[in-house]
1. I want to confirm something. Restricting to segment 151-167 and keeping residues that are touching a helix residue (DSSP H, G or I) at 6+ places or on another chain (Cβ under 8 Å) and assigned to a loop (DSSP other than H, G, I, E, B), which single residue is nearest to the ligand (Cβ to nearest atom)?
2. Report those strands (runs of 3 or more DSSP E) wholly inside segment 16-93 carrying at least 3 residues which are over 17 Å from the mean Cα position of the chain (by Cα).
3. Which condition breaks for G104 when tested against (1) more than 22 Å from D18 (Cβ to Cβ); (2) more than 13 Å from the ligand (Cβ to nearest atom)?
4. Quick one: what pairs do we get from segment 55-73, first residue at positive phi, second open to solvent by less than 30 Å² (accessible area, probe 1.4 Å) and at pLDDT 95 or above, C-beta under 9 Å, 6+ apart or different chains?
5. Could you please give the count of residues in segment 15-34 that are of a type outside the set (G, A, S) and crowded, with 18+ Cβ neighbours inside 10 Å?
6. Of everything in segment 132-166 that's under 14 Å from A185 (Cβ atoms) and of a type in the set (A, V, I, L, M), which residue is most open to solvent (accessible area, probe 1.4 Å)?
7. It is to be established whether one or more residues within segment 135-150 are closer than 19 Å to V63 by Cβ, away from the ligand (no atom under 16 Å from the Cβ) and modelled with pLDDT of 95 or more.
8. Only residues that are farther than 21 Å from L74 by Cα, part of a loop (DSSP other than H, G, I, E, B) and without any contact (Cβ under 8 Å) to a residue 24 or more places away in the chain: list them for segment 168-181, please.
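The values are calculated or read from the model by the stated rules, or taken from the named source; none is laboratory data. Just so it is clear, the model here is predicted, and its values are computed rather than measured. Cβ placement follows ideal geometry from the backbone for every residue including glycine, while neighbour counts extend to all protein chains displayed. Side chains included, ligands, DNA and RNA excluded: accessible areas come from the protein's heavy atoms. Shrake-Rupley method; radii C 1.70, N 1.55, O 1.52, S 1.80 Å.
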Amino acid sequence: MSRLAVLGASGHGKVIADIAGQTGWKVIDFFDDAWPSLRRNSHWEVVGNTSQLISVLDQYDGVFVAIGNNSIRLIKLIELEQANAQIVSIVHPAAIVSVYSHIGKGSVIMPGAIINVDVSVGDGCIINTGATVDHDCMLGRGVHLSPGVHLSGNVTVSDNTWIGVGACVRQLTSIGTNAIVGAGAVVVRDVDSDKTVVGNPARILNRK
Ligand SMILES: CC(C)(COP(=O)(O)OP(=O)(O)OC[C@H]1O[C@@H](n2cnc3c(N)ncnc32)[C@H](O)[C@@H]1OP(=O)(O)O)[C@@H](O)C(=O)NCCC(=O)NCCS
């Protein structure tokens, strides 16, 4: 465990690099499609774009896609998997992760997050700071649980869905694909795919 390539030199990318350093990665290089105009991401260097990363994959022991947008993150993850990149997951030492859970490739579990027994987290997910995922929850690919989200037991969250900061979800609830749950929402009923819900109790946001 020595050299990590991180695709996506954003604020989220900085957080990933910081956690990766704390979990033993010795060298962390950023790649971003804004290179060469973008050369640094805070304490780390940006050394190339996606195609350059693909051409130097053999120089890295692990690759992580640190893009906050769920769809773009998944597209890049698939592109890198097809190029045989060694996609890794990253778990902060201050996260609590049940040994009876599954964490997919390219997912991050941030500090203070809790993943309880018999949970499955798909590939390319972000389980952000202090989020809790209770027993038997099933998360698809490219899901983002923002800081302080709480999922009760047996909740299903499908691919590409984003749950905003501080939202809570009642047990046995299903949230479809490409859905958005607004910050602070309290979800007490199933949420259909492609819908945005907000409020307590959460209701569909009808845009004017
Ligand atoms: C739900 C959300 C995606 C909607 O964003 P948007 O499409 O830009 O919507 P707008 O800000 O234009 O707001 C539209 C309406 O919904 C309301 N609204 C927006 N977010 C809301 C929320 N979380 N709870 C309740 N009402 C909300 C607004 O007050 C506005 O109401 P109005 O039309 O009566 O004035 C966004 O507000 C949100 O909550 N994002 C999550 C942010 C987050 O968790 N960030 C953490 C990143 S790690």
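1. T161
2. The strands (runs of 3 or more DSSP E) meeting that bar are 27-31, 44-48.
3. So G104 meets the others, but not (1).
4. none
5. 9
6. The qualifying residue most open to solvent (accessible area, probe 1.4 Å) is V165.
7. Yes: segment 135-150 contains one or more residues that are closer than 19 Å to V63 by Cβ, away from the ligand (no atom under 16 Å from the Cβ) and modelled with pLDDT of 95 or more.
8. R170, L172, T173
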